[in-house]
Amino acid sequence: MIQKTMDLSLGKVKIQVGNKMISEEPIFFAGPCSVEDIDTMRKIAKELKELGVDVLRGGAFKPRTSPYDFQGLKEEGLEILKAIKQEFQMIISTEILDVRDLEKAKDVVDIIQIGSRNMYNYVLLEEAGKLGKPIILKRGFSATVNEWVSAAEYILNVGNDQVILCERGIRTFETTTRNTLDLNSVAYLKKNSRLPVIVDPSHGTGVRDLVKPMALAGVMAGADGLLIETHIDPDKASSDGHQTIDIKTLSEIMKNTNDIWGLR
Ligand code: PEP
Ligand code: MN
């Protein structure tokens with residue numbers, strides 16, 4: 001079967017996010033790992049909007065390794081995202097873990113995130129794809145590039161080509177960092193796929209101090225944008241605080257990204 005994502009003769013897929021066309025300008029997805037309480041989300045959204053972040057991200061449903069860890073605010077988290085969307089007029093992205101939640105989320109979420117653990121959940125990919133909204137498809141942490149691109153095909157095959165691939169690191173023998181951010185995949189996909197690619201250096205490293213260098217390395221590898229866990233007070237984040245950056249660091253990353261964008 002011809003892989004539509006790889007058939008460059010069909011031309012690059014165009015995805016509009018707000019007033020930006022992906023690949024023409026860098027696109028920034030930022031926000032906390034988990035949706036926080038409404039007051040904290042307001043403070044975060046205000047700062048991110050002022051910085052020019054394109055999409056506010058935050059997980060209402062959290063796929064945690066341990067069932068005893070915080071699982072997200074769930075429906076209440078969606079309500080908070082809805083309120084923030086209305087108040088700040090921001091584009092919202094959140095992860096959907098279960099087909100049963102698509103209906104609840106569909107009026108709030110502008111860009112659906114399919115997480116690393118669900119990359120192989122083909123029923124979820126198809127059902128999410130049918131909503132016709134853009135989808136961030138994170139790379140499974142043990143998936144080859146070919147398996148990842150094949151997963152994207154499931155979404156394309158239901159008639160939705162608005163798929164943004166997100167490299168978020170893979171599991172290797174190396175345990176110094178949480179994952180190994182595979183920037184080869186980014187350079188490769190930019191040359192060989194029709195789909196845009198963004199980089200998540202937060203899960204890719206798991207280490208706050210490594211987020212900025214690896215974000216910028218991702219941009220130099222060809223990423224169309226960045227997805228970065230950001231919080232007004234990273235140490236107080238409900239999850240993944242150790243890899244979450246503050247607003248000042250995000251603003252440096254955005255400035256440096258804009259500076260190096262044309263050098264590639
Ligand atoms: C996330 O972006 O919050 C997340 C859970 O990411 P991943 O699926 O890449 O682990
Ligand atoms: Mn996280």
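The values are calculated or read from the model by the stated rules, or taken from the named source; none is laboratory data. Predicted model only: the values in this text are computed from it and were never measured. All Cβ positions, even for glycine, are placed from backbone atoms using ideal geometry, and neighbour counts span all protein chains on display. Remember, those area values only see protein heavy atoms, side chains included, never the ligands or the DNA or RNA. Shrake-Rupley method; radii C 1.70, N 1.55, O 1.52, S 1.80 Å.
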### Message
What's the number of the only condition in (1) more than 17 Å from the chain's Cα centre (by Cα); (2) more than 15 Å from ligand 1 (Cβ to nearest atom) that residue 237 fails to meet?
### Response
(2)
### Summary
Expected single match for farther than 24 Å from residue 48 by Cβ, without any contact (Cβ under 8 Å) to a residue 24 or more places away in the chain and acidic (Asp, Glu) among 174, 153, 127 is 174
### Message
If I ask for residues that are open to solvent by less than 50 Å² (accessible area, probe 1.4 Å) and assigned to a loop (DSSP other than H, G, I, E, B), which ones from the stretch 25-40 would you list?
### Response
26, 32, 33, 35, 36
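Can you tell me which residue in the stretch 213-244 is most open to solvent (accessible area, probe 1.4 Å), limited to those that are among the β-branched types (Val, Ile, Thr) and farther than 15 Å from residue 169 by Cβ?
Of everything passing the filter in the stretch 213-244, 232 is most open to solvent (accessible area, probe 1.4 Å).
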### Boolean, residue 36 is over 22 Å from residue 225 (Cα atoms) and away from ligand 2 (no atom under 16 Å from the Cβ)
no
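Taking the conditions exactly as written (outside any helix (DSSP H, G or I), at pLDDT 95 or above and either more than 14 Å from ligand 2 (Cβ to nearest atom) or hydroxyl-bearing (Ser, Thr, Tyr) (or both)), does residue 185 satisfy them or not?
No; evaluated as a whole, the condition is false for this residue.
Out of the residues in the stretch 103-136 that are among the hydrophobic types (A, V, I, L, M, F, W, C) and within 16 Å of ligand 2 (Cβ to nearest atom), which is nearest to residue 56 (Cα to Cα)?
136
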### Boolean, residue 163 is without any contact (Cβ under 8 Å) to a residue 40 or more places away in the chain, of a type in the set (A, V, I, L, M, F, W, C) and closer than 22 Å to residue 28 by Cα
no
### Query
Is it the case that the stretch 1-24 has a residue that's buried (at least 18 other Cβ atoms within 10 Å of the Cβ), closer than 27 Å to residue 242 by Cβ and among the hydrophobic types (A, V, I, L, M, F, W, C)?
no
### Message
Restricting to the stretch 104-129, give me the number of residues that are open to solvent by 50 Å² or more (accessible area, probe 1.4 Å), in a loop (DSSP other than H, G, I, E, B) and touching a Gly at 6+ places or on another chain (Cβ under 8 Å).
### Response
1
### Message
Quick check on my filter: what residues within the stretch 60-89 are assigned to a helix (DSSP H, G or I), farther than 17 Å from residue 112 by Cα and open to solvent by less than 70 Å² (accessible area, probe 1.4 Å)?
### Response
83, 88
### Query
among the polar types (S, T, N, Q) and within 16 Å of ligand 1 (Cβ to nearest atom) - does that describe any residue in the stretch 156-164?
no
### Summary
Considering residues that are in contact (Cβ under 8 Å) with a residue 40 or more places away in the chain and either away from ligand 1 (no atom under 16 Å from the Cβ) or closer than 15 Å to residue 177 by Cα (or both), the number found within the stretch 191-207 is 8
## Note on the structure
Within the stretch 188-203, restricting to residues that are open to solvent by less than 10 Å² (accessible area, probe 1.4 Å) and closer than 24 Å to residue 6 by Cα, the one that is nearest to ligand 2 (Cβ to nearest atom) is 200
### Task
Residue by residue through the stretch 250-261, note down the ones that are away from ligand 2 (no atom under 16 Å from the Cβ) and either open to solvent by less than 30 Å² (accessible area, probe 1.4 Å) or not hydrophobic (A, V, I, L, M, F, W, C) (or both).
251, 252, 253, 254, 255, 256, 257, 258, 259
